[in-house]
Amino acid sequence: MDTRILNTKKKVTNTLFVLLKDHHLEDITVLELCEKADINRTTFYKYYKDVDDLVLKIENSLINDLKQYIPEIKRNYLISFTSKILETIYSRKETYTRLLGENGDHTFLRRILKIVYKESIAEWQKLLKKASAEDLDKIYSFIVDGSVGIIRNWIKNNCKEDPSNIALFINKICMSGLSSFI
């Protein structure tokens, strides 16, 4: 890709992150974004349909980066993947805290955690003999929603605690809940 295009996209992305410090995602307009980024709206529309499309493209790129870790996971998919997510958030704190923070996209973290849904359910079917398919789906939803809450709180506190401690805490809660279905 042309260096100018990359620089323009980076400028737009960085401006979005700056705006997310003080504005809710849904309140950011293309006009405001372009003015702050000092680019023409025609240039913006050459690459994105609207602000939501920009955010979706950023998020999809981050999700694709996270998907590379899935083949490395051999068991405890959701728990292991959550640990990898926390490490990634911590290592790319500025990007993730803007997208996952108060003003960001409140569905993004759920989308990330749903990536290993099939693998987790297949693994749990073998291990959790007392759980029906409906139970497994409810368990997954419960763990995802609880993990989202814990991770959001961690982000709200500026990721002060080590990501491995947060992953361990989530793991403990998950394992104690899952053990009742063994």
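Please order Val55, Val12, Val30 by the number of other Cβ within 10 Å, starting at the fewest. Please report the intermediate quantities before stating the final value.
Details: Val55 20, Val12 23, Val30 17.
The fewest-first ordering by Cβ neighbours comes to Val30, Val55, Val12.
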Quiz item: Excluding Ser91 itself, what net charge comes from residues whose Cβ is under 13 Å from its Cβ, given Lys and Arg +1 and Asp and Glu -1?
Solution: -1
Quiz item: For Glu87 and Thr3, FRET efficiency with R0 = 25 Å and r from the beta-carbon atoms, rounded to 0.05?
Solution: 0.25
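Could you sort 129-137, 56-64 so that the peptide with the highest average Cβ count within 10 Å comes first and the rest follow in order? Present the calculation step by step, with values, prior to reporting the outcome.
Details: 129-137: 12.1, 56-64: 14.7.
Result, highest mean first: 56-64, 129-137.
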Quiz item: Quick one: if you stick a label point 7 Å off each Cα along the C-beta vector at Asp145 and Ser132, how many nm between them?
Solution: 1.9
Exercise. Using Cα pairs closer than 8 Å and at least 6 residues apart in sequence, work out the relative contact order for the chain, in percent.
Key: 23
Exercise. Among (i) 104; (ii) 123; (iii) 153, find the value of volume of the Cα convex hull per residue in Å³ that was calculated from the structure presented, and write down its label.
Key: (ii)
Quiz item: If you plug each phi of the stretch 133-143 into the Karplus form 6.51 cos²θ - 1.76 cosθ + 1.60 with θ = phi - 60°, what whole-Hz ³J(HN,Hα) values come out, in order, with x for Gly and Pro?
Solution: 4, 5, 4, 4, 5, 5, 4, 4, 4, 4, 5
Quiz item: At what distance in angstrom do the alpha carbon centres of the stretch 95-168 and the stretch 60-84 lie from each other?
Solution: 12
Quiz prompt | P(r) histogram, all alpha-carbon pairs of the stretch 3-48 included - 5 Å bins from 0, percent | solution = 5, 24, 35, 23, 11, 3, 0
Self-check item: MRE, 222 nm, helices only [DSSP H, n ≥ 4, -39500 (n - 2.57), over the chain, to nearest 500]
Solution: -22500 deg cm²/dmol
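Find out how many positive minus negative residues lie around Gly101, taking Lys and Arg as positive, Asp and Glu as negative, among other residues whose Cβ is under 11 Å from that of Gly101.
On the way: positive: Lys21, Lys93, Arg98, Arg152, Lys156; negative: Glu94, Glu102, Asp105.
Value of the local net charge: +2.
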Quiz item: In nanometres, what is the gap between the two model label sites at Asp50 and Met175, each 7 Å from Cα along Cα-to-Cβ?
Solution: 4.6
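The numbers here are math on the coordinates, done by the rules we state, and not lab data. The model shown is predicted, which means the values in this text are computed figures rather than measured ones. Neighbour counts are summed over all protein chains in view; Cβ atoms, including those assigned to glycine, are modelled from backbone coordinates with ideal geometry.
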